[in-house]
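The values are calculated or read from the model by the stated rules, or taken from the named source; none is laboratory data. None of these values were measured; they are calculated from a predicted model. For neighbour counting, all protein chains shown are included, and Cβ atoms are generated from backbone atoms with ideal geometry for every residue, glycine included. The accessibility values were calculated without ligands, DNA or RNA, using every heavy atom of the protein model including side chains. Shrake-Rupley method; radii C 1.70, N 1.55, O 1.52, S 1.80 Å.
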Amino acid sequence: FYQSQLGTTQSVLFESDNKEGWMHGFTRNYIKVRTTYDPFLINKITDCTLASITATGDMEIVLENYVLNTVS
């Protein structure tokens, strides 16, 4: 299923976890995605392109029209 979704743009709701610099979220059809942790994404719905499947089974994404605001 994940393979068939590669390259599509999906809305993702991000959670507040920060695991080794990554945060996770879910698409409307429950695909688990990850991106670099950014506290400004927490509880936000953001359009993302599903780019690749990681070794752990998460989907890495490309954020659409979003500037990453990482805090050190």
Legend entry - Residue list for segment 10-35, filter: open to solvent by 60 Å² or more (accessible area, probe 1.4 Å) and under 11 Å from the mean Cα position of the chain (by Cα): Leu13, Glu15, Trp22, Phe26, Lys32
Inset, instruction - Would you mention how many residues in segment 49-72 are at pLDDT 85 or above and not in a loop (DSSP other than H, G, I, E, B)? - result: 9
Legend entry - Hits in segment 1-43 - residues which are in contact with a Gly (Cβ under 9 Å, 6 or more places away or on another chain) and part of a loop (DSSP other than H, G, I, E, B): Glu15, Tyr37
